[in-house]
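Before any comments, here is the structure.
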Amino acid sequence: MVCSKHLSQSAQCLQNPIRIAVVGSGPSGLRILGSHKHLYILFKRQGKPNHAKPQRGLVVCQLNVINSFTTTALNKRVTFMGNISIGSDISLQQIRDNYNAVVLCYGAAQDRKLNIEGEDVSHVISARRFVGWYNGVPDDRDLDIDLNCETAVIIGQGNVAIDCARILLTDSQQILSNTDITKHSLEKLSKSNIKNVYIIGRRGPMQVSFTIKEFRELTKLMNCKTIMSSEECDQIPQTILESLERPKKRLTELIIKVSKESSTDVEKNAKK
Ligand SMILES: Cc1cc2nc3c(=O)[nH]c(=O)nc-3n(C[C@H](O)[C@H](O)[C@H](O)COP(=O)(O)OP(=O)(O)OC[C@H]3O[C@@H](n4cnc5c(N)ncnc54)[C@H](O)[C@@H]3O)c2cc1C
């Protein structure tokens, strides 16, 4: 099925408009709109934006994507063509022959391999596929995810890692069921035995690349405790902290606060 939304009546009045094909309707594709004299045709592999309905504390960045998508879709110079995969449904050459310009915004369609031992062991999966699994990407629907164990390890300390951790640790019945996360992943997550999630990075707390909003949401998860290794956080000199730009400073202060709280909890538990 091809799902297309033609919103370009008034745009048709333009004389000889330049027609620009945009492949992909992620954040890059949605930001491509430029001159008012041009018409934009957005091609997308799936029929709808591929994100779960945001809920407070979940997939925070996707709220911005939904807003951008709605604004773009309402723009009369834009035609949205869903369920069309460039390269299999139509060729790039066909698009080039029919449009004045083509902009490729297809994102990270493949995993970046680290070429390290154990990478291909079963149940070692990329975040790209894991996110696809709970967001309804058809290719990832049947991904074999083992949630029978108690511990999951996430490599990387950016917002993707935080989102994956939140999905694994959020109460699936109470919270996730209010989002439009896929039914099959909700079913599996509701039976999950995961109790601990380790988020591992190659460097220290000053080098994490997640943002404060996402990290704060993680620290507020119901029935969940975020623990930061205090050893490294204690070593951040005040002078360095003061020299940071405001967003980084606020994030680092929160990290230090969480790490102090974690060590107090560890001490309390040791005394018990
Ligand atoms: C879980 C998660 C959390 C994240 N959190 C944050 C955050 O908090 N802040 C932040 O800044 N970034 C965040 N990111 C990163 C952000 O989502 C990406 O940087 C961004 O999506 C990249 O945008 P893009 O438009 O380049 O590609 P994408 O968003 O990947 O979009 C690619 C588009 O191309 C389409 N497409 C691909 N191949 C074809 C084809 N052959 N034919 C037609 N269409 C095709 C796809 O359907 C899709 O619409 C997060 C990512 C994930 C996965």
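Consider VAL160 carefully, then state whether it is more than 16 Å from the ligand (Cβ to nearest atom), free of Cβ contacts under 8 Å to residues at least 60 places away in the same chain and of a type in the set (A, V, I, L, M). If you could, list the steps in order and put the result at the bottom.
Working: more than 16 Å from the ligand (Cβ to nearest atom): no; free of Cβ contacts under 8 Å to residues at least 60 places away in the same chain: yes; of a type in the set (A, V, I, L, M): yes.
Spelling it out, it is not the case that VAL160 is more than 16 Å from the ligand (Cβ to nearest atom), free of Cβ contacts under 8 Å to residues at least 60 places away in the same chain and of a type in the set (A, V, I, L, M).
Out of region 221-247, which residues are touching a residue at least 12 places away in the same chain (Cβ under 8 Å), among the hydroxyl-bearing types (Ser, Thr, Tyr) and either exposed (fewer than 12 other Cβ atoms within 10 Å of the Cβ) or not in a helix (DSSP H, G or I) (or both)?
Once the filter is applied, which keeps residues that are touching a residue at least 12 places away in the same chain (Cβ under 8 Å), among the hydroxyl-bearing types (Ser, Thr, Tyr) and either exposed (fewer than 12 other Cβ atoms within 10 Å of the Cβ) or not in a helix (DSSP H, G or I) (or both), region 221-247 yields THR226, SER229.
Out of GLU217, GLU261, GLU187, report the one residue that is closer than 24 Å to GLU150 by Cβ, among the acidic types (Asp, Glu) and within 16 Å of the ligand (Cβ to nearest atom). Talk me through it step by step, then tell me what you get.
On the way: GLU261 fails: within 16 Å of the ligand (Cβ to nearest atom); GLU187 fails: within 16 Å of the ligand (Cβ to nearest atom).
From the options GLU217, GLU261, GLU187, the qualifying one is GLU217.
Determine which member of the set ASP171, ASP180 is within 16 Å of the ligand (Cβ to nearest atom), in a loop (DSSP other than H, G, I, E, B), acidic (Asp, Glu) and out of contact with any strand residue (DSSP E or B) (no Cβ under 7 Å at 6 or more places or on another chain).
On the way: ASP171 fails: within 16 Å of the ligand (Cβ to nearest atom).
When all the criteria are applied, what remains is ASP180.
Restricting to region 197-208, name every residue that is exposed (fewer than 14 other Cβ atoms within 10 Å of the Cβ) and within 19 Å of the chain's Cα centre (by Cα).
Within region 197-208, TYR198, ILE200 meet the criteria.
Please specify each residue of region 144-168 satisfying the condition of being in a loop (DSSP other than H, G, I, E, B), open to solvent by 20 Å² or more (accessible area, probe 1.4 Å) and under 19 Å from ASP111 (Cβ atoms).
At the first step, the residues of region 144-168 found to be in a loop (DSSP other than H, G, I, E, B) are 144-150, 156-158.
From what's left, open to solvent by 20 Å² or more (accessible area, probe 1.4 Å): 144, 146, 148-150, 156-157.
Those that are in a loop (DSSP other than H, G, I, E, B), open to solvent by 20 Å² or more (accessible area, probe 1.4 Å) and under 19 Å from ASP111 (Cβ atoms): ASP144, ASP146, GLY156, GLN157.
The values are calculated or read from the model by the stated rules, or taken from the named source; none is laboratory data. Every value quoted in this text rests on a predicted model; they were computed, and no experiment measured them. When we count neighbours, we look across all protein chains shown, and the Cβ atoms used for this are built from the backbone with ideal geometry, even at glycine. In case anyone asks, the SASA skips ligands and DNA or RNA and just uses the protein heavy atoms, side chains included. Shrake-Rupley method; radii C 1.70, N 1.55, O 1.52, S 1.80 Å.
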